[in-house]
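First the structure, in the form of structure tokens, and then the observations on it.
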Amino acid sequence: MPYKTIIALHNVDDGNETISEALTLCSALKAHLSVIVIGLTPQPPMSSGYGGGTFEIWGSEFARMQEEIAAKADALEIWISNNLPVDPLTFDVSHQFSQGGTVARETGRRVRFSDLCLFTGSYDPDSYLMQQTLRGALYDTGRPVLVMNGKPCPLHNLKRIMLAWDGGAQSAIAVRHALDLMTNADDVQIAMADPQSASERFGDEPGVDLATYLSRHNVPLTVTPVATEGRTVAETLVRHATDMDAELIVMGGYGHTRLQDWFLGSTTSRMLIEADRPLLLAH
């Protein structure tokens, strides 16, 4: 599908230069860029029974941080105006100041009104804000998320794409979102980690049904089962993406329930940490 509105989520602590790849991408796609500068409110204090001094301090800190994030958005808007690509684009910059428990929901509500959501920097597993904004952008939005990992990702001219296929619904949704990209590529490899050990998901002939479907869309593809050989699924897929010099990895995001992901971890989380190239995720 054509990308007409792209949202870039920008951590209040990120440098302005991290948005450069978003400008380049939106210019090439002739898409409108909406940048949302996101920050977390300070944690409200628990009532201590010793008067209102603690709440006054918290209120002052809240106001200070609110002014800071608004100033950051204003400064970023000026920076973008001064650093536009040769091919002009339209853009807007806004800010979102959210409590920890609501940031995912508020992010998701805004991402629904876009064709694609961007994270221009690398994934930081220790950042609560990044974890929550990413999950908010993926869950319940119906929109794909591109984690660029600080690398260029010319969606209009990709040559080599790796599709990480696990047979699940989220993977199928990712395939649908990436169909135009794969049709225009030169080399698409369907990578499946140990498919013979999970025939209930992959079927008796792993990858054949997907290859048949994609071939009808004229996708130039190769089905590639890859053995983990003691490595994690994420390590195996990242190694294959490196071997084929993939410009983009396409995969379903967070196939388990949120509770299962919390307790067990997920291949998505490990891919986000280990991948050194752009990831297109869908849920």
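For the stretch 88-148, the relative contact order works out to 42 percent when only alpha carbon pairs closer than 8 Å and six or more residues apart are counted. Can you give the accessible area per residue of the stretch 143-250, in Å², using a 1.4 Å probe? Result: 46 Å² of accessible area for each residue. Computed over every Cα-Cα pair of the stretch 198-260 and binned at 10 Å starting from 0, the pair-distance distribution P(r) comes out as 16, 41, 38, 5 percent.
Spacing of the modelled spin labels on residue 16 and residue 209, each 7 Å from Cα toward Cβ, amounts to 5.2 nm. A straight Cα-to-Cα reach below 17 Å connects residue 30 with the lysines 4, residues fewer than 8 places away in its own chain not being considered. Residue 6 sits among other residues whose Cβ lies under 14 Å from its own Cβ, and their net charge, with Lys and Arg +1 and Asp and Glu -1, is +2. In the context of the full set of protein chains, the stretch 12-108 has a per residue accessible area of 55 Å² (1.4 Å probe). In the set [x] -0.56, -1.12; [y] -0.67, -1.15; [z] -0.60, -1.22, the label that goes with log10 I(q)/I(0) by the Debye sum over Cα atoms at q = 0.10, 0.15 Å⁻¹ computed for this structure is [x]. Among the protein heavy atoms of the stretch 153-283, carbon and sulfur supply 49% of the accessible surface, probe 1.4 Å, non-protein parts ignored.
Mean separation of Cα pairs under 8 Å and 6 or more residues apart, divided by the residue count, gives the stretch 153-218 a relative contact order of 37 percent. Summary value for the chain: 19 percent relative contact order, contacts being C-alpha pairs under 8 angstrom separated by 6+ residues. Each label point was placed 7 Å from the Cα along the Cα-to-Cβ direction; for residue 105 and residue 75 their separation is 3.2 nm. For the stretch 129-280, what does the alpha-carbon gyration tensor say about shape, rounded, prolate or oblate, given a ≥ b ≥ c as the root eigenvalues, a/c under 1.5 as rounded, and a/b over b/c as prolate? In terms of gyration-tensor shape, rounded.
The values are calculated or read from the model by the stated rules, or taken from the named source; none is laboratory data. Here the structure is a predicted model, which means the values were calculated and not measured. FYI the Cβ positions are ideal-geometry reconstructions off the backbone, even for glycines, and counts take in every protein chain you see. For the accessible areas, the whole protein counts, side chains as well, though only heavy atoms, and no ligand, DNA or RNA atoms are used. Shrake-Rupley method; radii C 1.70, N 1.55, O 1.52, S 1.80 Å.
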